[in-house]
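Novice: First the structure, then my questions, so here it is.
The values are calculated or read from the model by the stated rules, or taken from the named source; none is laboratory data. The model shown is predicted, which means the values in this text are computed figures rather than measured ones. Here the Cβ is made from the backbone with ideal geometry for all residues, glycine too, and neighbour counts use every protein chain on show.
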Amino acid sequence: MNLTAPIFTDADKAREHLEATRWPHGPICPHCGVIDEATALKGSAHRAGLYQCNACREQFTITVGTVFERSKVPLNKWLLATYLMSSSKKGISAHQVGRTLGVTYKTAWFMCHRIREAMAEANPAPMGGEGKTVEADESVVGGKEKNKRLSKRNAKNIGAVGKQVVFTLVERSGRARSFHVANVSGKTLRPLLVKHVDRKSALMTDDAGQYRPVGKEFASHETVNHGIEEYVRGNAHSNTVEGFFSLLKRGVVGTFHHVSEAHLARYLAEFDFRYSNRIALGINDTMRTDELLRGIGGKRLTYRRTGEAAHA
């Protein structure tokens, strides 16, 4: 998609594209949920894109009930920011978004967090399933931690040195799902594994002790011993999730420089979204952006909720 495309330069074209993407079967009333039972209000006193639901009589536009609602930023700039964040493999900083869109840093920062909110999965289904493999691993972001393996003591002290623990699940040839966790232990990780991974899946991890008990709850559990430099043994490896961490860390260090604990979950949702909708799965930048636009509904985010301090 060309950055000079009409949807990025004309607010009306942007609105029409958003309507076609989110409402392929006609307008959907955000108040009562009725589909294609709305009348476009085209009087001189009505703004473009205003509809009235014939069922509940409420008025709405395409942005009502979405992360774009009540924004003074033109819709074409919202779509451009969405495209930039969807297509930047290692992310794009709010400073760069602000310069590209011609808006203040504060506005760009808030826009980026709204878009990240839209990237988060709503009611995610368990990953994997019969015949599928899910890799699980933990790492740290922030700082310059060289040792990937974390002792319980190090994990508990991680916040004191500016590092945060991230636990990620990656379905081979599929999705990624990441979590900010307080520490690395069976008590912390087991609830996430059993909730987000189908028990019929094959589980792949390193040989850390926290995975041994929960591994018995899945169809199979294989490990590799990184301590003796064993990284692949037949089909047993955690290289897929390691690749995800490599991408995440390059983004945090090279693009954002600092990610606060308060906002880490949204940054993880951003990297998960791009990975789960990547080129290797047949999803190009345009398709990924449209997928994100379909997910902006029901995810309002106010500036107060994001916190007063701006980061990256």
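Novice: Can you name the residue in the range 262-298 that is assigned to a loop (DSSP other than H, G, I, E, B) and either among the β-branched types (Val, Ile, Thr) or modelled with pLDDT under 75 (or both) and is also nearest to the chain's Cα centre (by Cα) among such residues?
Specialist: The selected residue is Ile296.
Novice: If you don't mind, another one. Looking only at the range 167-211, how many residues end up being out of contact with any helix residue (DSSP H, G or I) (no Cβ under 8 Å at 6 or more places or on another chain), charged (D, E, K, R) and in contact (Cβ under 8 Å) with a residue 12 or more places away in the chain?
Specialist: Count: 5.
Novice: So, in the range 46-69, of the ones that are surrounded by fewer than 19 Cβ atoms within 10 Å (Cβ to Cβ) and aliphatic (A, V, I, L, M), which residue ends up nearest to the chain's Cα centre (by Cα)?
Specialist: The qualifying residue nearest to the chain's Cα centre (by Cα) is Val64.
Novice: Let me ask you something else. Looking at (1) modelled with pLDDT under 95; (2) under 27 Å from Ile279 (Cα atoms); (3) of a type in the set (Ser, Thr, Tyr), which is the only condition Thr133 fails?
Specialist: (1)
Novice: Against the definition (surrounded by 16 or more Cβ atoms within 10 Å (Cβ to Cβ), farther than 25 Å from Leu268 by Cβ and without any contact (Cβ under 8 Å) to a residue 24 or more places away in the chain), how does Ile28 come out, yes or no? Write out each step before concluding.
Specialist: Working: surrounded by 16 or more Cβ atoms within 10 Å (Cβ to Cβ): yes; farther than 25 Å from Leu268 by Cβ: yes; without any contact (Cβ under 8 Å) to a residue 24 or more places away in the chain: yes.
Taking the combined requirement at face value, the residue satisfies it.
Novice: Taking the range 87-106, which residues are buried (at least 19 other Cβ atoms within 10 Å of the Cβ) and part of a helix (DSSP H, G or I)?
Specialist: Selection gives Ala94, Val97, Gly98, Leu101.
Novice: Of the residues that make up the range 70-86, is at least one over 17 Å from Ile7 (Cα atoms) and crowded, with 23+ Cβ neighbours inside 10 Å?
Specialist: no
Novice: Picking from Arg70, Arg99, Arg57, Arg116, which residue would you name as being at pLDDT below 95 and not aliphatic (A, V, I, L, M)?
Specialist: Numbers: Arg99 fails: at pLDDT below 95; Arg57 fails: at pLDDT below 95; Arg116 fails: at pLDDT below 95.
That would be Arg70, the only listed residue that is at pLDDT below 95 and not aliphatic (A, V, I, L, M).
Novice: Of everything in the range 240-250 that's of a type outside the set (Phe, Trp, Tyr), in contact with a strand residue (DSSP E or B) (Cβ under 9 Å, 6 or more places away or on another chain) and in contact (Cβ under 8 Å) with a residue 60 or more places away in the chain, which residue is farthest from Leu268 (Cα to Cα)?
Specialist: Step by step, filter the range 240-250, then rank; the result is Thr240.
Novice: Please verify whether the range 49-66 includes one or more residues that are of a type in the set (Asp, Glu) and under 25 Å from Met287 (Cβ atoms). Working first, answer last.
Specialist: As a first pass, look at the range 49-66 and keep what is of a type in the set (Asp, Glu): 58.
Subset that is under 25 Å from Met287 (Cβ atoms): none.
So far as the range 49-66 goes, no, none of its residues is of a type in the set (Asp, Glu) and under 25 Å from Met287 (Cβ atoms).
Novice: Could you please give the count of residues in the range 176-212 that are more than 19 Å from Ala125 (Cα to Cα) and touching a Gly at 6+ places or on another chain (Cβ under 6 Å)?
Specialist: Counting residues in the range 176-212 that are more than 19 Å from Ala125 (Cα to Cα) and touching a Gly at 6+ places or on another chain (Cβ under 6 Å) gives 1.
Novice: Okay, next question. Is it the case that some residue within the range 67-90 is under 23 Å from Ser276 (Cβ atoms), in contact with an Asp or Glu (Cβ under 8 Å, 6 or more places away or on another chain), of a type in the set (Gly, Ala, Ser) and touching a residue at least 12 places away in the same chain (Cβ under 8 Å)?
Specialist: So in the range 67-90, the residues under 23 Å from Ser276 (Cβ atoms) come out as 67-68, 78-90.
Filter again for in contact with an Asp or Glu (Cβ under 8 Å, 6 or more places away or on another chain), leaving 67, 83, 85-87.
Pick out the ones that are also of a type in the set (Gly, Ala, Ser) and you get 86-87.
Going one step further and asking which of them are touching a residue at least 12 places away in the same chain (Cβ under 8 Å), we end up with 86-87.
Yes, the range 67-90 contains at least one residue that is under 23 Å from Ser276 (Cβ atoms), in contact with an Asp or Glu (Cβ under 8 Å, 6 or more places away or on another chain), of a type in the set (Gly, Ala, Ser) and touching a residue at least 12 places away in the same chain (Cβ under 8 Å).
Novice: Further question: Quick check on Gly49: is it in a loop (DSSP other than H, G, I, E, B) and either farther than 30 Å from Ser87 by Cβ or without any contact (Cβ under 8 Å) to a residue 24 or more places away in the chain (or both)? Don't jump to the end; show me each part of the working.
Specialist: On the way: in a loop (DSSP other than H, G, I, E, B): yes; either farther than 30 Å from Ser87 by Cβ or without any contact (Cβ under 8 Å) to a residue 24 or more places away in the chain (or both): no.
Against the criterion (in a loop (DSSP other than H, G, I, E, B) and either farther than 30 Å from Ser87 by Cβ or without any contact (Cβ under 8 Å) to a residue 24 or more places away in the chain (or both)), Gly49 does not qualify.
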